[in-house]
Amino acid sequence: MQIEHRIVIAATPATVFRIYQDVQNWHTWDPDTKQATLDGPFQVGSRGRITPPKGMTVPMLLTQVEPDRCFTVVSKIPLFGMLFEHELKPLAGATEVIHRVSFSGLLSYLLGPMLCKQLNAGLPITLSRLKALAERSA
């Protein structure tokens, strides 16, 4: 089960990626994040925690980081995993930003449909807030 949303931002991939690297401020543009922390640099293997507005804090692990191109976060709890992919595609004078979420594990059949509904409602807001922040920073 996977969902994906896209937006075009009038900023460079480097500008957007700098916002991604500022993990402790994800909550300022992502309404699905109450708090996020990273124990170490923004690189593969770094671990942290993310807390949604409703629900429990879950661990996160950076499994892919390519500056100005993409990064991937994995969050796992028993019998359920979420993979968050963030991709940046350069365009003439802009960047296409793609956020993709997929679910795995036995509980994905139970939790997946509910989370898909929430994410399909929340990701467009997240992307529009990211766009506003990046375009102000550009």
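The values are calculated or read from the model by the stated rules, or taken from the named source; none is laboratory data. All values reported here derive from a predicted model rather than from experimental measurement. Don't worry about glycine lacking a Cβ; one is built from the backbone with ideal geometry, like all the others, and counts go over all protein chains shown.
Whenever a residue of the range 68-94 is at pLDDT below 95, its partners that are surrounded by 14 or more Cβ atoms within 10 Å (Cβ to Cβ) and not in a strand (DSSP E or B), lying with C-beta atoms within less than 7 angstrom and at least six residues away or across chains, give the pairs 79/105; 79/107; 80/105; 80/107; 80/108; 80/111; 81/105. If the condition is being among the small types (Gly, Ala, Ser) and under 14 Å from residue 65 (Cβ atoms), then the range 19-41 contributes only 40. For the residues 114, 56, the requirement of being in a helix (DSSP H, G or I), over 24 Å from residue 9 (Cα atoms) and either of a type in the set (Val, Ile, Thr) or at pLDDT below 95 (or both) singles out 114.
Quick one: in the range 100-112, of everything that is of a type outside the set (Ser, Thr, Tyr) and in contact (Cβ under 8 Å) with a residue 40 or more places away in the chain, which residue is farthest from residue 64 (Cα to Cα)? Full working, then the answer.
At the first step, the residues of the range 100-112 found to be of a type outside the set (Ser, Thr, Tyr) are 100-101, 103, 105-107, 110-112.
Now narrow it down to the ones that are in contact (Cβ under 8 Å) with a residue 40 or more places away in the chain: 100-101, 103, 112.
Details: 100: 14, 101: 14, 103: 17, 112: 23 Å.
By that ranking, first place goes to 112.
Mind checking whether some residue in the range 15-27 is charged (D, E, K, R), in contact (Cβ under 8 Å) with a residue 40 or more places away in the chain and either part of a strand (DSSP E or B) or out of contact with any His (no Cβ under 6 Å at 6 or more places or on another chain) (or both)? Before you say what the answer is, go through the steps one by one.
Of the residues in the range 15-27, the ones charged (D, E, K, R) are 18, 22.
Cutting the leftovers down to in contact (Cβ under 8 Å) with a residue 40 or more places away in the chain gives us 18.
Those still in the list that are either part of a strand (DSSP E or B) or out of contact with any His (no Cβ under 6 Å at 6 or more places or on another chain) (or both) too: 18.
So far as the range 15-27 goes, yes, one or more of its residues are charged (D, E, K, R), in contact (Cβ under 8 Å) with a residue 40 or more places away in the chain and either part of a strand (DSSP E or B) or out of contact with any His (no Cβ under 6 Å at 6 or more places or on another chain) (or both).
Inspect all residues belonging to the range 31-44 and state whether any of them is assigned to a strand (DSSP E or B), at pLDDT below 95, buried (at least 19 other Cβ atoms within 10 Å of the Cβ) and out of contact with any Lys or Arg (no Cβ under 7 Å at 6 or more places or on another chain). The answer is no, given that none of the residues of the range 31-44 is assigned to a strand (DSSP E or B), at pLDDT below 95, buried (at least 19 other Cβ atoms within 10 Å of the Cβ) and out of contact with any Lys or Arg (no Cβ under 7 Å at 6 or more places or on another chain). Can you say whether residue 68 is in a loop (DSSP other than H, G, I, E, B) and buried (at least 17 other Cβ atoms within 10 Å of the Cβ), as far as the supplied structure shows? Considered against the rule, which asks whether it is in a loop (DSSP other than H, G, I, E, B) and buried (at least 17 other Cβ atoms within 10 Å of the Cβ), residue 68 comes out as no.
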